[in-house]
């Protein structure tokens, strides 16, 4: 049976519609386009349901045939989310109060997906952490209330089944994967005490030894926590708003690793600077970090926090694994030019370098073959639109938003794990009528008088760039001498390409006979040295022949030089610069 064709939900000022994804990329006929403005739309976790809100109501439809499952009168809904098994739809609307009602109305609602009945309403003034977290089997759900974690069981929100109270808990994250569920909590430091992250297994919260793992650290105003897919380990990015050393505008970041077996470590990064992005591989056995002052480094680490592969440096600030984990994309969005580096993870071989300038959104299609990039408002209010690509580089579909209109959101329809099998990585670009946007390497500025001359290591690059290198155990990384020689070879290669380009000549570059010196160089120091010696010998032979023609008797060694003219001309021809 052939895998299904994913849908792409598109929301903007022109309304909401579903696009049936590649290879055809046509609007889904089973879903009637909603032409009212809607800024919130989402799929269920398994992709079977789609919910959107216009100015009148929230509508839930089946993705298979577009049949409306239920509707809820909630015109001010701003955010929507499904529980993992599609039992509950969570809606959030901005909190408001009035003089007549100073307490306001509960603004976080939980609805029964099948019947549309309201299960429970809570007060949730802050947007951050607005949605409750569920375990994958929906046996547990949890939300934070005044530094306490309230746990509910089996979607019974009228009874708090358990509590985790700890002074000044400011963030938490429930683990994915099978039961028993774990929860990671973060408590910021105060009065000289360090901040810490602890892992607990539900419902064992009491006692000093209840924590599965504990990691404390200073210099943390906030954290970002990420569980791997198996729920066996969590990565914690600790950040400070201000770097007191003045070294970074972005503050200061450190990366920590915690596992449910109690192991913990600080991930040692090889370059100073901010941590831009961290992503777990879908295999849960390794993770990739993009970090350091530009040009940023990117490194893959294993579960022992040892580096496995270093992608070198480049203009990137984001990393995205494919759903199957076999392809990795390093990208430079935001204030960078939108370069995407596509890598085969198993071979650590680069597939391509497409360019997607002005992109504000990137996401993988569940099939692991396609991606979407989009320019959305309010991040950018001009040139809104989106593109669907094959990972090898070609653009398969493009849609630009009309002038004056805005694009707010694009989102792929998710599917259960295993729906799309992993395919072998292709290196040849997929066919496309829209072509490819393979990026060309940027070149350093060179004055006009030097543009026809060979490039040297000193002026070929404005910044010291590091090439990729394998760092697996048992495979020694390249030595400094090897890296230096590699840079020399790359400089020679670039010099040969420069010589081939046409360039105007200046008078100082000409021989007395009017021939160009630059025409007899190739950028390789050894070859240039041979050329120089050959031309010197040929010039001496030319002078001897002129003396002989004037009647001067040449000595034996001079005659032998003249007889070697044919041999020297042949060597000159073999070097590709024959007269």
Worksheet entry | Which numbered condition residue 184 misses (of (1) more than 24 Å from residue 280 (Cα to Cα); (2) part of a strand (DSSP E or B)) | (1)
Response to the item:
Inside the range 542-556, the number of residues satisfying the requirement of being in a helix (DSSP H, G or I) and either within 58 Å of the chain's Cα centre (by Cα) or modelled with pLDDT under 85 (or both) is 5
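Among the residues in the range 315-326, are any part of a strand (DSSP E or B) and out of contact with any strand residue (DSSP E or B) (no Cβ under 6 Å at 6 or more places or on another chain)? Don't jump to the end; show me each part of the working.
Step one: filter the range 315-326 for residues part of a strand (DSSP E or B), giving 318-321.
Cutting the leftovers down to out of contact with any strand residue (DSSP E or B) (no Cβ under 6 Å at 6 or more places or on another chain) gives us none.
No; the residues of the range 315-326 include none that is part of a strand (DSSP E or B) and out of contact with any strand residue (DSSP E or B) (no Cβ under 6 Å at 6 or more places or on another chain).
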Worksheet item: Given the conditions (1) under 28 Å from the mean Cα position of the chain (by Cα); (2) at negative phi; (3) outside any strand (DSSP E or B), and given that residue 173 satisfies all but one, which numbered condition is not satisfied?
Response: (3)
Worksheet item: Does any residue of the range 197-211 turn out to be surrounded by 15 or more Cβ atoms within 10 Å (Cβ to Cβ), in contact with a strand residue (DSSP E or B) (Cβ under 6 Å, 6 or more places away or on another chain) and over 30 Å from residue 140 (Cα atoms)?
Response: no
Item to complete: Identify all residues within the range 521-541 that are more than 60 Å from the chain's Cα centre (by Cα) and closer than 17 Å to residue 573 by Cβ; write none if there are none.
Response: 541
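So that you can scan it fast, the table gives a plain yes or no per residue for (1) under 30 Å from residue 180 (Cα atoms); (2) in a loop (DSSP other than H, G, I, E, B):
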{"residue": "55", "(1), (2)": "no, yes"}
{"residue": "64", "(1), (2)": "no, yes"}
{"residue": "89", "(1), (2)": "yes, no"}
{"residue": "95", "(1), (2)": "no, yes"}
{"residue": "114", "(1), (2)": "yes, yes"}
{"residue": "137", "(1), (2)": "yes, yes"}
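When you look at residue 356, is it crowded, with 20+ Cβ neighbours inside 10 Å and either touching a helix residue (DSSP H, G or I) at 6+ places or on another chain (Cβ under 7 Å) or at negative phi (or both), yes or no? Please lay out each step first, then the result.
Numbers: crowded, with 20+ Cβ neighbours inside 10 Å: yes; either touching a helix residue (DSSP H, G or I) at 6+ places or on another chain (Cβ under 7 Å) or at negative phi (or both): yes.
The answer is yes for residue 356.
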Discussion item. Give all pairs with beta carbons closer than 7 Å in which a residue from the range 217-239 that is without any contact (Cβ under 8 Å) to a residue 60 or more places away in the chain meets a residue that is assigned to a loop (DSSP other than H, G, I, E, B) and crowded, with 22+ Cβ neighbours inside 10 Å; count only pairs at least 6 apart in sequence or on separate chains.
Written reply: 227/175; 231/175; 238/220; 239/220
Worksheet item: Just one of the numbered conditions (1) in a strand (DSSP E or B); (2) over 23 Å from residue 418 (Cβ atoms); (3) touching a residue at least 40 places away in the same chain (Cβ under 8 Å) is not true of residue 340; which one?
Response: (3)
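Go through the range 201-216 residue by residue and tally those that are part of a loop (DSSP other than H, G, I, E, B) and free of Cβ contacts under 8 Å to residues at least 12 places away in the same chain.
Of the residues in the range 201-216, the ones part of a loop (DSSP other than H, G, I, E, B) are 202-203, 205-212.
When the remaining residues are screened for being free of Cβ contacts under 8 Å to residues at least 12 places away in the same chain, the result is 206-210.
Residues meeting the conditions: 5.
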Worksheet item: Checking residue 269 against (1) under 20 Å from the mean Cα position of the chain (by Cα); (2) modelled with pLDDT under 90; (3) not in a strand (DSSP E or B), which single condition isn't satisfied?
Response: (2)
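The values are calculated or read from the model by the stated rules, or taken from the named source; none is laboratory data. Since the structure is predicted, the reported quantities are computational estimates derived from the model, not experimental observations. Cβ: placed from backbone, ideal geometry, glycine included. Neighbour counts: every protein chain shown.
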